[in-house]
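One structure follows; several queries about it will come next.
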Amino acid sequence: MAWDLRKKVAIIGAAETDTVGAIPNITQLGLHGQAARNAIKDAGIDKSQIDGLACAGESVVAVADYLDIQPRYVDGTSVGGSSFMIHVAHAVAALEAGYCNYVLITHGESGRSRVGRGGFGGGAATLGGQFEAPWGILGPPNTFTIPIVAHMTKYGTTEEQLASVAVATRQWATKNPRAMMRDPITIEDVLNSRLIAWPVHLLECCLVTDGGGALILTTADRARDFAKPPIYILGTGEGAENMMISTMHDFTESLAFNRAATRAFQQAGIERSDVDHLMLYDAFAHTPLYGLEALGFVKPGESGPWFAAMNSAPGGTLPINTNGGGLSYTHTGMYGMFALQESVRQLRGEAAAQVPDVKISVAHGPAGFFAASGTVIMTNQA
Amino acid sequence: MSAPRGKPLPQPTPETAPYWEGCKAHELRLQFCNDCQAFFFYPRIFCPRCLSENVEWKPVSGKGTLHTYVISARPAPGFENDVPYTIAIVKLDEGPHLMTNIVGVEQKPENLPAGLPVEVVFEDVSDTISLPKFQPAGAGRNA
């Protein structure tokens, strides 16, 4: 029998970099640092108390050194954009076991300006170099998107339904002054935007930006001593499936999504109807479709019509991606941290597009295309 | 024959060399697990289902169906003259699926219904590497 980890650990600090978008004067490591400093200020914690550190995209040791902290717990899990959800999951276990007391999780990425950023991709002898690169994969836009046609074929999902995800998300972005893209758009605008890789158009692709974010977690008993009300972790899950998009087991669903989502809800012991707010990492318009189905809010194949009915938009039945998402707010490359940040803001009541009475929020996303996944369920109710 | 400048070419490893040697001979060969009695892909030192090392290389039919794809309007480096091009997952009749390009047909969604029967065709891109691509079955295109 698994330990009951509900509400045993809480987020006490959460902040992003001073700005997001284009930050040409700060290195990637510096973005980790700035986000961390802001989270430390947000929590009102003394830096010397932090004894656990997790990050992705940079060496966890490099970030510790930059901040001059001496962690006794490090988590360098770096499986892609939802690594931070997984860091939260691991931090819950470590904190509850007494392995450390305060865990700082950082993200910083110079995705747009590429300042102080290493290379990307593997060599010609890697699996990807042999079995994907020769066929002209460019990166996410024509690779992460390959499964979509399988979903369309099996379920009748349409191009208009995909476009509706971008439209609904933009509606939220119009309410967020920090969002990069804030002009309202229509289904026609999306379908008339430049074709990137059929069936995907420009407005169905995430932004490419600079920025960062950080979280600080501690045990529930310690959490009450800090500046902001604790945001408790109710459930977490993670999963890993396929190294290459071409080795997915079933292109109409992500096994990693399913595993992460199922475990998180089991641990939290809540129903889907208990969820007030949802963050579904939107690298492209289709990833929220796969996420909504994996999390069990709709049956497989029902996500297209559900989004087309604008259920996720302002005034809809389940607010999703209320910061404007990766499609319209910001997307540094590993966006998962920003999904978590918006969940915390909604639960604290300090979001730019605040949803009334949010008590439970879920942040879920992919990592390394559909390679891996993480889910975190949070609440502001003690 | 030489590869267009900048196009990435695979570099075979000891595990994958028999696959690429097969392609060079214009024969699609996959590993077959004698314990599971099933093919698998990509190449490994054992069967990913049962972990048996009782595996051998066997030719397959080169026939399959188009499973899912994008038509890339933007080129990867080296593919500037190829747009639009289809990056597809083909499900081989023997079971495994792999990434490839669909060639020998105008690159339009209406020409590429999921389930379309396809067959392998090899493109010689260097002295040692031939890439398996797929065309609609019976299209008769010569690589």
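The values are calculated or read from the model by the stated rules, or taken from the named source; none is laboratory data. Just so you know, these numbers come straight off a predicted model, no measurement behind them. Note that each Cβ is placed from the backbone with ideal geometry, even for glycine, and that neighbours are counted across all protein chains shown. Please note that ligands, DNA and RNA were not included when accessible areas were found on the heavy atoms of the full protein model with its side chains. Shrake-Rupley method; radii C 1.70, N 1.55, O 1.52, S 1.80 Å.
Looking at A:LEU289, A:LEU340, which is the one that is part of a helix (DSSP H, G or I), more than 12 Å from the chain's Cα centre (by Cα) and buried (at least 24 other Cβ atoms within 10 Å of the Cβ)? Break it down stepwise before answering.
On the way: A:LEU340 fails: more than 12 Å from the chain's Cα centre (by Cα).
Result of the check over A:LEU289, A:LEU340: A:LEU289.
Which residues, counting only those in the range B:29-44, are part of a loop (DSSP other than H, G, I, E, B) and either of a type in the set (D, E, K, R) or within 13 Å of another protein chain (Cβ to nearest Cβ) (or both)? Spell out how you get there, then give the answer.
Pass one, the range B:29-44, residues part of a loop (DSSP other than H, G, I, E, B): B:34-37, B:41-44.
Result: B:ASP35, B:PHE41, B:TYR42, B:PRO43, B:ARG44.
Quick check on the range A:120-130. Is at least one of its residues within 14 Å of another protein chain (Cβ to nearest Cβ) and closer than 21 Å to A:GLY30 by Cα? Steps first, answer last, please.
Let us first name the residues in the range A:120-130 that are within 14 Å of another protein chain (Cβ to nearest Cβ), namely A:120-130.
Narrowing further to those that are closer than 21 Å to A:GLY30 by Cα: A:120.
Yes, there is a match, as at least one residue in the range A:120-130 is within 14 Å of another protein chain (Cβ to nearest Cβ) and closer than 21 Å to A:GLY30 by Cα.
Since B:ARG141 meets every condition but one in (1) modelled with pLDDT under 95; (2) surrounded by 20 or more Cβ atoms within 10 Å (Cβ to Cβ), which condition does it not meet?
The number of the failed condition is (2).
Now, a different point. Check the range A:297-318 and report whether any residue there is over 20 Å from the mean Cα position of the chain (by Cα), over 30 Å from B:ARG44 (Cα atoms), buried (at least 24 other Cβ atoms within 10 Å of the Cβ) and in contact (Cβ under 8 Å) with a residue 24 or more places away in the chain.
yes
Scan (1) within 14 Å of chain B (Cβ to nearest Cβ); (2) buried (at least 24 other Cβ atoms within 10 Å of the Cβ); (3) not basic (Lys, Arg) for the single condition A:SER110 breaks and write down its number.
The failed condition is (1).
Within the range B:99-128, work out how many residues are within 8 Å of chain A (Cβ to nearest Cβ), touching a Phe, Trp or Tyr at 6+ places or on another chain (Cβ under 7 Å) and surrounded by fewer than 22 Cβ atoms within 10 Å (Cβ to Cβ).
1
Step by step: first the residues of the range B:82-98, then only those that are open to solvent by 20 Å² or more (accessible area, probe 1.4 Å) and free of Cβ contacts under 8 Å to residues at least 40 places away in the same chain, then the one that is farthest from A:PRO134 (Cα to Cα). Which residue is that? Walk me through how you get there before you give the answer.
At the first step, the residues of the range B:82-98 found to be open to solvent by 20 Å² or more (accessible area, probe 1.4 Å) are B:82-84, B:91, B:93-95, B:97.
Those left that are additionally free of Cβ contacts under 8 Å to residues at least 40 places away in the same chain: B:82-84, B:91, B:93.
Values: B:ASP82: 13, B:VAL83: 15, B:PRO84: 15, B:LYS91: 18, B:ASP93: 23 Å.
The qualifying residue farthest from A:PRO134 (Cα to Cα) is B:ASP93.
Of all the residues that make up the range B:52-86, how many are more than 14 Å from chain A (Cβ to nearest Cβ), part of a strand (DSSP E or B) and either touching a helix residue (DSSP H, G or I) at 6+ places or on another chain (Cβ under 7 Å) or not acidic (Asp, Glu) (or both)?
First pass over the range B:52-86, keeping only residues more than 14 Å from chain A (Cβ to nearest Cβ): B:52-63.
Remaining after also requiring part of a strand (DSSP E or B): B:55-59, B:63.
Next, from what is left, pick out any that are either touching a helix residue (DSSP H, G or I) at 6+ places or on another chain (Cβ under 7 Å) or not acidic (Asp, Glu) (or both): B:55, B:57-59, B:63.
The total comes to 5.
Residue-by-condition table, conditions (1) assigned to a helix (DSSP H, G or I); (2) more than 20 Å from A:ALA363 (Cα to Cα); (3) open to solvent by 10 Å² or more (accessible area, probe 1.4 Å); (4) among the charged types (D, E, K, R):
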site: A:THR19; (1), (2), (3), (4): no, yes, yes, no
site: A:ILE26; (1), (2), (3), (4): no, yes, yes, no
site: A:SER48; (1), (2), (3), (4): yes, yes, yes, no
site: A:LEU53; (1), (2), (3), (4): no, yes, no, no
site: A:VAL74; (1), (2), (3), (4): no, yes, yes, no
site: A:SER78; (1), (2), (3), (4): no, no, yes, no
site: A:VAL88; (1), (2), (3), (4): yes, no, no, no
site: A:TYR99; (1), (2), (3), (4): no, yes, yes, no
site: A:VAL103; (1), (2), (3), (4): no, no, no, no
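Could you check, for the range B:16-25, whether at least one of its residues is outside any strand (DSSP E or B), modelled with pLDDT under 95 and surrounded by 15 or more Cβ atoms within 10 Å (Cβ to Cβ)?
yes
Give the number of residues within the range A:222-261 that are within 30 Å of A:GLY139 (Cβ to Cβ) and of a type outside the set (Lys, Arg). Walk me through how you get there before you give the answer.
As a first pass, look at the range A:222-261 and keep what is within 30 Å of A:GLY139 (Cβ to Cβ): A:236-261.
The next check asks that each one be of a type outside the set (Lys, Arg); those that pass are A:236-258, A:260-261.
Residues that pass the stated criteria total 25.
Same structure again: Would you check which residues across the range A:293-317 are over 19 Å from A:LEU255 (Cβ atoms) and not in a loop (DSSP other than H, G, I, E, B) and list them?
A:GLY304, A:PRO305, A:TRP306, A:PHE307, A:ALA308
In addition: What number of residues within the range A:268-286 satisfy the criterion of being surrounded by fewer than 24 Cβ atoms within 10 Å (Cβ to Cβ) and either part of a helix (DSSP H, G or I) or β-branched (Val, Ile, Thr) (or both)?
So the count comes out to 5.
Could you check how many residues of the range A:118-140 are part of a helix (DSSP H, G or I) and open to solvent by 30 Å² or more (accessible area, probe 1.4 Å)? First the steps, then the outcome.
We begin by selecting, within the range A:118-140, every residue part of a helix (DSSP H, G or I); these are A:127-131, A:133-135, A:140.
So of that shortlist, the ones also open to solvent by 30 Å² or more (accessible area, probe 1.4 Å) come out as A:127, A:140.
Here the count works out to 2.
Do you know which residues across the range A:263-286 are free of Cβ contacts under 8 Å to residues at least 60 places away in the same chain and within 17 Å of the chain's Cα centre (by Cα)? Break it down into steps so the answer makes sense when it comes.
Step one: filter the range A:263-286 for residues free of Cβ contacts under 8 Å to residues at least 60 places away in the same chain, giving A:266, A:271-273.
Residues satisfying the conditions do not exist here.
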